[in-house]
Each structure stands twice: as structure tokens, then as C-alpha cells.
1. Are there any pairs with C-beta distances below 7 angstrom linking a residue in the range A:125-147 that is of a type in the set (A, V, I, L, M, F, W, C) to a residue that is modelled with pLDDT under 85 and assigned to a helix (DSSP H, G or I), with the two at least 6 apart or on different chains, and if so which?
2. Could you look through the range A:118-147, keep only residues that are modelled with pLDDT of 70 or more and in a loop (DSSP other than H, G, I, E, B), and pick out the one that is farthest from the other protein chains (Cβ to nearest Cβ)?
3. Quickly run through the range B:2-38 and pick out the residues that are under 30 Å from B:GLY99 (Cα atoms) and either free of Cβ contacts under 8 Å to residues at least 40 places away in the same chain or among the charged types (D, E, K, R) (or both).
Number of protein chains: 2
Amino acid sequence: MEQSAGDLLRRTGLRSTAQRRAVLTALQGRPHATAADLEEHIAGAEGASGTLSRQGLYNVLDDLTRAHLIRCIEPAGSPARFELRVGDNHHHLVCRTCGRIEDVDCAVGAAPCLDPIQDKGFTVDEAEITWWGQCGPCRSRAAAQHS
Amino acid sequence: MEQSAGDLLRRTGLRSTAQRRAVLTALQGRPHATAADLEEHIAGAEGASGTLSRQGLYNVLDDLTRAHLIRCIEPAGSPARFELRVGDNHHHLVCRTCGRIEDVDCAVGAAPCLDPIQDKGFTVDEAEITWWGQCGPCRSRAAAQHS
DNA sequence: AGCTAGATTGGACTCAGTCAATTCTGGATA
DNA sequence: TATCCAGAATTGACTGAGTCCAATCTAGCT
């Protein structure tokens, strides 16, 4: 795991540093983590290198994003969130009540929404879709107190 | 215009205050304005009430948003932006280079993207689409210096 | 004209992220 | 395997955007 993160980095021409490996590892099983989530997890991680400065974290996230190893999403009202899934044209469902985020696969290319009806002279390179609503648990909780 | 803003407010059960009327008026012809844009415009407006505190501005924007008189969008990397167009299911094109935002009409209900393929138990009430790319002028400018 | 719930103000504060100068280190080279 | 240096990390001050709270004001009902 550590090894594969290192390979991944080297393959994309980035140096394999403890900090970058730690961020990649922390993101596994922690989809949509915020910078604060990662900072906390890495600081509390047992094992060798358990430190990473705030600035360092932002640098790493920026480097990995530009290398397309991770993706950054910023739903309204939330700090930036990061995920390992890249290049699969997936989108997001966000719960207005608890902020939970779920991935949603979307047909690539075929869906009309991926091509704006009027492109207004823009060269479009990405379509980002966010569905807003309420997740099951929050809906149940709201119904239970039927006020 | 002042009058119609007042009517609009009263019709939705909100008090017609100088500050709220000023914000609604400022938003006409200023689509996708940020809070700072509005603050500056209102402070510099000739006519009677040219003041509005920062907190007041955010309160007004919040009130108007909850009354569905305006809509708030927050493209990644940009402060919140406000617009008068509501309830018409339109979406946005954003230029990665200059930040310009254009409205794009989208087929209501019919487009597959408006219904997530997997809803993961969510009750979805809004689909928000942002197309990212480069606008015509920025593309020309970039091509001109063909570096 | 008076009253009061609702609206606005001012000022301190938080949160997320950035800048700049210095120090450190991965990994290519000799 | 030791050296070197461009790329990476650290520290700490700083900014921008928005929020909190307590005091004051006012739209519009009576």
C-alpha cells in the first residue's frame, strides 16, 4: 500500500515523499475527506511519519490534483473535499441536512447534460453535476419528530 | 422599479426595507454578483439610502434566498454569487481562466442528468450543473501568445 | 401616534486557505 | 556510498469570506 502509493507517485513524475504517501493512504477508504479530516488523520496515524504541516498538506493536495491522482470537489457551504476516483465522470449527491456525500455514476458523453445546449463560445472540458436533497436517515429522523 | 421591488417583498411576506429594495435593484442587470460587488454598488449608489452593513447584506441575501426571490450559486474557487433568475432550472458555464459565468438553459425534467441513475435513498430536490471550460476571449488571448 | 416583532448595525471573531522566506531531502550523478 | 541541488516541506504571518452576538432601530399593524 505504501509501496503502491510510492510507485504511483514516481510513475507520474512526482517525488515519493512520506507526506504525499500519507495523504494518498489516508484518502483510501476516506472518500470526500476535507483537508481538516486528512490533517487530523495523518497527525493521529501510528507508524513512522505522523506529521504534515498545514501548508504542506495544501501543497500536496494541489500537486496531486494537478497530477490527476486525486480530484477536488467543493459543494456549496462545505470546505473543499478530495477523492481518489478520477477520470470516471462520476457525480455527487449531497444531503442538505447532514452534508453526507455519495458518488453517482453518470453515463459518459451520452447524456444531454454533458453538452450544454448553448455553449456561448466556451470550450467545455468538464461537466460537474451536484444533486441536492435529503438522505434516507435524515428523512426518517425528520419524519419521526413530525412537528 | 423601486416600487415593484417593494411589492415583490410584501407579496412574499417580507418587510419592504430600503436595504432589501437596494439589493434587489442592484441585482437587476448584475447577474452573478458577489456580496462584495453588491456592497460596493450599494455604497456608491446615488439616491437616498446608500448604506448597508456587511452583516445586513448577508442577512438580506439569506432572507431573499429563503424566500426564493434570489438564488445563490458557489462555483469552486469563487465567493458566493447571487442572481434573480429562480425556478427556471438554468445552469452555469464557468471560464477557468477569467471566472466569467454564463447562464445556460437546460431541458426541465427530461434530461437524464436531472434524475441520478442511483439515488442512494436520497430525496432529490435540485440538480445543479456546472460546465467548466474556457470562454472565447480567453481562448483567443491564450492562442495569441502561442507560447 | 404608539407599539413591537422583525430588521439592521457594529465589531469581534472563526474558518479555510494563501504567501513568502527559510530549511530540508529524494533520488540523480559521480 | 557520498555529494549535490531542484523540488518539497516547514513556520508563521496574513487575507478573504462569512458568522456570532448584543444593542439599536423601524415597518407597518393597531
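1. A:ALA127/A:CYS113; A:ALA127/A:LEU114; A:ILE129/A:CYS113; A:ILE129/B:CYS113
2. A:GLN145
3. Answer for the range B:2-38, where residues must be under 30 Å from B:GLY99 (Cα atoms) and either free of Cβ contacts under 8 Å to residues at least 40 places away in the same chain or among the charged types (D, E, K, R) (or both): B:ALA5, B:ARG20, B:ARG21, B:ALA22, B:THR25, B:ALA26, B:GLY29, B:ARG30, B:ASP37.
The values are calculated or read from the model by the stated rules, or taken from the named source; none is laboratory data. Predicted, not measured: the structure shown is a model, and the values here were computed from it. Every residue, glycine as well, gets a Cβ built from its backbone with ideal geometry; the counts of neighbours run over all protein chains shown.
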